[in-house]
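Report on one structure; see the data block that follows.
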Amino acid sequence: MDDNELYPIGDVARRTGLSVSAIRYYSDAGVIAPTDVTEAGYRLYDVRAIARLELIRTLRDLDAGLDDIRGLLDGETSLHDLLATHLELVERQERVLRARRAVLRTLVKQGGTAAQVTLMHKLVSMPDEERERLVDDFWNEVGEDLDVPPGFVERLRTMRPSLPEDPTAAQLEAWIELADLLRGEEFRGAVRSYLRDTYGTFPGRRMAAAPVWDFIHEEGAKVGEEIVEAYRSGLPADSPRARELVVRMANASAEAVGGQTAAESRERMATAFLLVEKIRREDSHEEARYDATHGRYLSLVAVINGTPPAGDEEGPELFAWIAAALRASAR
């Protein structure tokens, strides 16, 4: 293409992919004028004008406005600033569309009514302060005069959802479900009942005491990850490594409650793990109750926060393995 040659509007249309009428429109709108006009009124364009028209087409494909494009071509703004501003707009539109998609998906799954459409739109667009207030109201009602160890509900309250600024569709759908549950009296009552029955009596009450709870979710969690990894690897329960891990767990547990570990205490701990195994095998109702109440709350919070918990794939067999390792260490 000759830098000095002038091209008729038909050639320019073929080179740029724009229609002849679009090129005329941009000229009439003052976005880009032809390089020259013949005596017969035909518009002619040089290679620089064609390059600018190609840029205009690209920016229009990205939904940039004519005023913004005119400002760029007139030197009032830089290409970087125009693109950065437009990127911000597109990202904002993307967040809105993602929220709408989450609402629509949920409504399609539930066969939603007109009232639910309004409610879910409100839930997904809820400001941070209102989200925090909804969670606090939930725990205030669940924990009111609940007969569990001191501070237990406050520790549960810290496990709360934090929807990111740019959530995924899955995070939005999880928030819609959780917010809808938190607002419901039935769910609040079910969680309160589960916590009272599980942590208001032995052995749950002991597990909910601050020292034991902190151990389970801090130091105990670290040792627990190593134990699960050893179990998954197929390590025999009576191997030196398995015995070393469960002794560490027993020692840390004893330290957390101010006791002393010994072979006898590890035998008692083994009995407790076997009891848990038996309950897990035989009492599917209690597990289903957890999954529908506090467990559902925690699983949705994990999705919203982007930290889904590892699935309990091992089942009761893991507890039997730990019990065997504890008994091997006590011999």
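See the values below:
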{"quantity": "Number of positions in region 126-162 that are exposed (fewer than 12 other Cβ atoms within 10 Å of the Cβ) and within 20 Å of residue 102 (Cα to Cα)", "calculated": "2"}
{"quantity": "Residue, modelled with the highest pLDDT, within region 277-297, restricted to residues that are closer than 29 Å to residue 328 by Cβ and surrounded by 17 or more Cβ atoms within 10 Å (Cβ to Cβ)", "calculated": "277"}
{"quantity": "Residues satisfying the stated conditions in region 43-68, i.e. open to solvent by 50 Å² or more (accessible area, probe 1.4 Å) and either in contact (Cβ under 8 Å) with a residue 60 or more places away in the chain or in contact with a helix residue (DSSP H, G or I) (Cβ under 7 Å, 6 or more places away or on another chain) (or both)", "calculated": "43, 52, 54, 57, 62, 68"}
{"quantity": "Segments classed as helices (runs of 4 or more DSSP H), wholly inside region 163-245, with at least 2 members that are out of contact with any Lys or Arg (no Cβ under 6 Å at 6 or more places or on another chain), open to solvent by 60 Å² or more (accessible area, probe 1.4 Å) and charged (D, E, K, R)", "calculated": "169-183, 185-199, 204-208, 219-232"}
{"quantity": "Search result, residues across region 226-238 that are of a type in the set (Ser, Thr, Tyr) and either farther than 14 Å from residue 317 by Cα or touching a helix residue (DSSP H, G or I) at 6+ places or on another chain (Cβ under 8 Å) (or both)", "calculated": "231"}
{"quantity": "Residues that are over 21 Å from the mean Cα position of the chain (by Cα) and not in a helix (DSSP H, G or I), drawn from region 134-162", "calculated": "144, 145, 146, 147, 148, 149, 150, 151"}
{"quantity": "Matching residues in region 198-225 - criterion: being in contact with a helix residue (DSSP H, G or I) (Cβ under 9 Å, 6 or more places away or on another chain) and either farther than 25 Å from residue 155 by Cα or among the aromatic types (Phe, Trp, Tyr) (or both)", "calculated": "199, 213, 215"}
{"quantity": "Failed item, numbered, when residue 173 is tested on (1) free of Cβ contacts under 8 Å to residues at least 60 places away in the same chain; (2) closer than 21 Å to residue 305 by Cβ; (3) in contact with a helix residue (DSSP H, G or I) (Cβ under 9 Å, 6 or more places away or on another chain)", "calculated": "(1)"}
{"quantity": "Residue under evaluation residue 58, criteria (1) under 38 Å from the mean Cα position of the chain (by Cα); (2) in a helix (DSSP H, G or I); (3) more than 21 Å from residue 7 (Cβ to Cβ), criterion not met", "calculated": "(3)"}
{"quantity": "Region 73-102 - residue that is part of a helix (DSSP H, G or I) and closer than 17 Å to residue 31 by Cβ and, of those, most open to solvent (accessible area, probe 1.4 Å)", "calculated": "79"}
{"quantity": "Scan of region 298-331 for residues that are under 26 Å from the mean Cα position of the chain (by Cα), of a type outside the set (Ser, Thr, Tyr) and at pLDDT 90 or above, ordered by number", "calculated": "298, 300, 301, 302, 303, 304, 305, 306"}
{"quantity": "Which numbered condition residue 127 fails, given (1) in contact with a Pro (Cβ under 8 Å, 6 or more places away or on another chain); (2) at pLDDT 80 or above", "calculated": "(1)"}
{"quantity": "Tally, over region 120-166, of residues that are of a type in the set (A, V, I, L, M, F, W, C) and within 15 Å of residue 187 (Cβ to Cβ)", "calculated": "7"}
{"quantity": "Meets criteria (at pLDDT 85 or above, charged (D, E, K, R) and either part of a helix (DSSP H, G or I) or open to solvent by 20 Å² or more (accessible area, probe 1.4 Å) (or both)) for residue 248", "calculated": "yes"}
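The values are calculated or read from the model by the stated rules, or taken from the named source; none is laboratory data. Note that this is a predicted model, so its numbers are computed, not measured. When we count neighbours, we look across all protein chains shown, and the Cβ atoms used for this are built from the backbone with ideal geometry, even at glycine. The accessibility values were calculated without ligands, DNA or RNA, using every heavy atom of the protein model including side chains. Shrake-Rupley method; radii C 1.70, N 1.55, O 1.52, S 1.80 Å.
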